[in-house]
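Contents: one structure, followed by commentary.
The values are calculated or read from the model by the stated rules, or taken from the named source; none is laboratory data. Predicted, not measured: the structure shown is a model, and the values here were computed from it. Cβ: placed from backbone, ideal geometry, glycine included. Neighbour counts: every protein chain shown. For the accessible areas, the whole protein counts, side chains as well, though only heavy atoms, and no ligand, DNA or RNA atoms are used. Shrake-Rupley method; radii C 1.70, N 1.55, O 1.52, S 1.80 Å.
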Amino acid sequence: MSETEPLQFRDPAQAEQLADRLETLMADIDEPVSLMHVCGSHEQAIAKFGLRSMLPDGLSVRMGPGCPVCVTNMPEVDEAVAIAEQGATVATYGDMFRVPGTKKSLADARADGASVEVVYSASEAVELAAANPEEEIVFFATGFETTAAPTAAILDADPPANFSVLSAHKYVPPAMEVVAEMPDVDIDGFLAAGHAATITGYGLFEPFVETYELPIVVGGFEPIDVLLAIERLLEYVRDGKAGLENAYPRCVSKAGNEQALETMWDVFETVPGEWRGIAEIPGANLVLRDPYAEYDARRRFDVEPVDDGPDPLTEQCICGDIMAGKADPDECDLFGEECTPSNPVGACMVSSEGTCKIWDEYGGHPNL
Amino acid sequence: MTRDTTESDQEFVTLAHGAGGGAMRSLLDELVVPQFTGNGAETGNDTLVGLPELDDGAVHPAGEGALVITTDSHVVSPRFFPGGDIGRLAVAGTVNDLAVMGATTPTALTCSLVIEEGVPTADVERVIESMAETARQAGVPISTGDTKVMGNGEIDGILINTAGVAYVDREQPVPDAGLEPGDSIIVSGSMGDHGIALLAEREGFDFTGALESDVAPVNDLVNVALDAGRITAMKDPTRGGLANALNEMAGKADVGIDLTEESIPVSGPIASAGEVLGIDPLSVANEGKVVMGVTPEDAEDVLAAIHTVPGGEDAAIIGQVTDDHAGRVVVDTGFGRRYLSEPEGEPLPRIC
Ligand code: SF4
Ligand code: SF4
């Protein structure tokens, strides 16, 4: 990123013009509109810049299943904890560190003496393995395409023998389909994640637009990017049309990063998977293909964690509704009381991309 | 502190407890403060500002005036970082804790060193030289101390504890709980320099040398500010940064704070590095800055006075204290309004 770049996209006057434009569009549409974005970084941008306070009445922009940390299922965390407790070093992204499993988070496991390391990239986990050849290093790999592609690249490059991957990688498009099909979800359009689309390309959404007849606009993360993408979506809604558009051309192309994608699909295949609080989603989890079996932590370790039921508090957690765009964090009875960033009940309160965490930090409501 | 799941659940101290914010406060409230208070009453010694206030230091009556006392332990990785080192940090930290209590001419500091076996003596020498130099700069002698060596792996490198005392007029101490609606909020310079520089260094990001810690004593600067007008509350925004300091001040005084983001000084390179790391410069430590509430009539005078002190050139009025939203800090981003919340847990760069 160049030093001056962010500033061009932070012009409040330009934002004001866009806000007026949204006002006009909503007046034309003359009924409530619900848009969904599927990216924690979008929620961050919206909350951090206070953008909701600029949106016209009747327009709601909510976060869907957009945070890879939040949708990581409890049993997946349990697997990572079980591996750490068997004596291997589990390396993972900082965001995953405190996500509760059924009984424990990796942070709890570390406090109990297990070896858990926070890394910033897959390659850092490999460096850890190379530097500690007598130890088993297991990379607990989470995230969507943006992080799955680098994990794949690492596996493709002959990592050390003491390195393996516990994949909880997920693939977004099938989850959007599931949400679009939920009977009580009423979404008029999707704001797609610019980061993920730099890898996948925006062309990926073409079939979705055809099947569901909903508009999709790919947007960036500066305030103006977000407002611009919302404006484009409202235009589609006003015209009663579906369509696909790229409002983030400075980073996203139609084809994406073909080389990265090729490696990704070389290494991973999709299987059905349970997304925390949402549903079992066909084709939404990424697991290692057979040629990479030797690096698959699930095959290398005996990971069958005992499941004796989750913490009773988690039954009150409405993360599932939040990620399906059906509820806001402050509708959860635990929000800010029993559930806080330092003592999270649900996953949405943990990651910096989780809706509850973001609302706790910045406040989510427009009329502050 | 953690939620109960089963009866056999043991509770443990975690890193989150150490990162300031709510977790740390409940640890202190539950385990520490109740045990330590009351001793003074039993022995007939009283405090003007004591432990329950959790201020930057304590104030005890002494003769006509009062004694301000503070102590701090320092561990930091890496030991030497752009703009400073653990020794400078230890001295400046304690001088600054006294200064923000209004005690700008410290009487003396102590220095307790705990060193891990295997640390190069050259490192120790360098750290001590730096402590001496910083103490000279702040005009305070280091007049007593203690040194221990621990086995390999028993501590991480070097730990330094410093305590400081200062004698002041009894009227002089400035608490951190004194904000009043209408007060202007002033910061003495750019925010986030220490925290972002350190994180960037630790993560091996190369921002071509543009990032440096601001670690420095601020007693001169505070002294000039105190002379220029009425300061109602003051803190050094260290762990948890401006966000933590202001939330604490708002909470203790039961007032709200409104900030304008545009007016908060953050240097260009720090802002860019913060973007890349996904970390807000307002939520990480400063080690050479002060944030204060000033009576509105005096705000411009205090600001002008701070501008004349080296290190105070970028000082700015960043917002106002209000009756609304008691206990919370709200920022006008130029787009809309949002909270600036107390950071919780260690700052961790984002997943992608
Ligand atoms: S992985 Fe990137 S694109 Fe996906 S949700 Fe996170 S920030 Fe957004
Ligand atoms: S506030 Fe906590 S418990 Fe409630 S939905 Fe969010 S994460 Fe779940």
For the stretch B:49-168, averaging the sequence separation of alpha carbon pairs under 8 Å that lie six or more residues apart and dividing by its residue count, the contact order in percent is 38
Tilt of helix A:172-181 relative to the longest C-alpha principal axis of chain A, in degrees (0 to 90, nearest 10)? 50
Mind checking which of A:67, A:251, A:339 has the largest fluctuation in a GNM of chain A, springs on alpha carbons under 10 Å? A:251
On the principal axes of its Cα set, how long, how wide and how thick is the stretch B:269-352? Give whole Å, largest value first. 46, 35, 25
Could you bin all the Cα-Cα distances of the stretch B:49-168 into 10 Å bins starting at 0 and give me the percent of pairs in each, rounded to whole numbers? 14, 43, 29, 12, 2
Cα-only Rg/Rh for the stretch A:47-191 with Kirkwood Rh rounds to 1.07
Farthest toward positive dipole pole in chain B [+1 Lys/Arg, -1 Asp/Glu at C-beta], among B:340, B:200, B:329: B:200
With N denoting the number of residues in the stretch A:230-290, provide Rg(C-alpha) divided by 2.2 N^0.38 Å, to two decimal places. 1.60
20 Å-binned pair-distance histogram of the protein assembly as shown (Cα, whole percent): 16, 48, 31, 5, 0
Which is farthest toward the positive dipole end of the protein assembly as shown among A:141, B:266, A:329, measuring Cα position about the Cα centre, with Cβ charges +1 (Lys, Arg) and -1 (Asp, Glu)? B:266
Rg/Rh for the stretch B:198-284 to two decimals, with Rh computed the Kirkwood way over all alpha-carbon pairs. 1.01
Area hidden from solvent between B and A (accessible, protein heavy atoms only, 1.4 Å, total, Å²): 3400
What number, in percent, do you get for the relative contact order of chain B if the mean sequence gap of Cα pairs under 8 Å and at least 6 apart is divided by its residue count? 21
Run the 1.4 Å probe and let me know the accessible area of residue A:48, rounded to the nearest 10 Å². 50
Per residue convex hull volume, Cα atoms of the stretch B:183-339, in Å³: 102
Tilt of helix A:223-239 relative to the longest C-alpha principal axis of chain A, in degrees (0 to 90, nearest 10)? 60
With +1 on the Cβ of every Lys and Arg and -1 on the Cβ of every Asp and Glu, the dipole magnitude of the stretch B:49-168 about its Cα centre, in debye rounded to the nearest 20, is 240
So, in nm, how far is label residue B:80 from label residue B:62 when the simple model puts each one 7 Å beyond its Cα toward the Cβ? 3.6
Relative contact order for chain A: what percent, with Cα pairs under 8 Å and sequence separation of 6 or more? 23
Check: the protein assembly as shown dipole with +1 on Lys, Arg Cβ and -1 on Asp, Glu Cβ, in debye: 820
State the three equivalent ellipsoid semi-axes of the stretch A:171-216, derived from the C-alpha gyration tensor as the square roots of 5 times its eigenvalues, in descending order and whole Å. 19, 11, 9
Roll a 1.4 angstrom probe over the protein heavy atoms and tell me the percent of accessible area of chain A that is carbon or sulfur. 46
Alpha-carbon centroids, the stretch B:79-137 and the stretch A:116-171: separation in whole Å: 39
Put simply, what bits of the stretch B:325-345 lose 50 Å² or more of accessible area when the other protein chains are there, versus the chain on its own (1.4 Å probe)? B:335, B:337, B:338, B:339, B:344
How much of the DSSP bridge set in chain A is antiparallel, in percent, rounded to the nearest 5? 20
Please report how far the C-alpha centroid of the stretch B:256-303 lies from that of the stretch B:165-207, rounded to the nearest whole angstrom. 9
Percent of all Cα-Cα pairs per 10 Å bin for the stretch B:235-308, counting from 0 up to the last occupied bin, reads 17, 46, 32, 6
Need one number: the % of Cα-Cα pairs in chain B sitting beyond the 25 Å mark. 54
Under a 1.4 Å probe, what is the accessible area of chain A per residue, stated in Å²? 38
Overall Cα dimensions of the stretch A:224-368, principal axis frame, Å, largest first: 51, 45, 26
Can you tell me the alpha carbon radius of gyration of chain A divided by the globular rule-of-thumb value 2.2 N^0.38 Å? 0.99
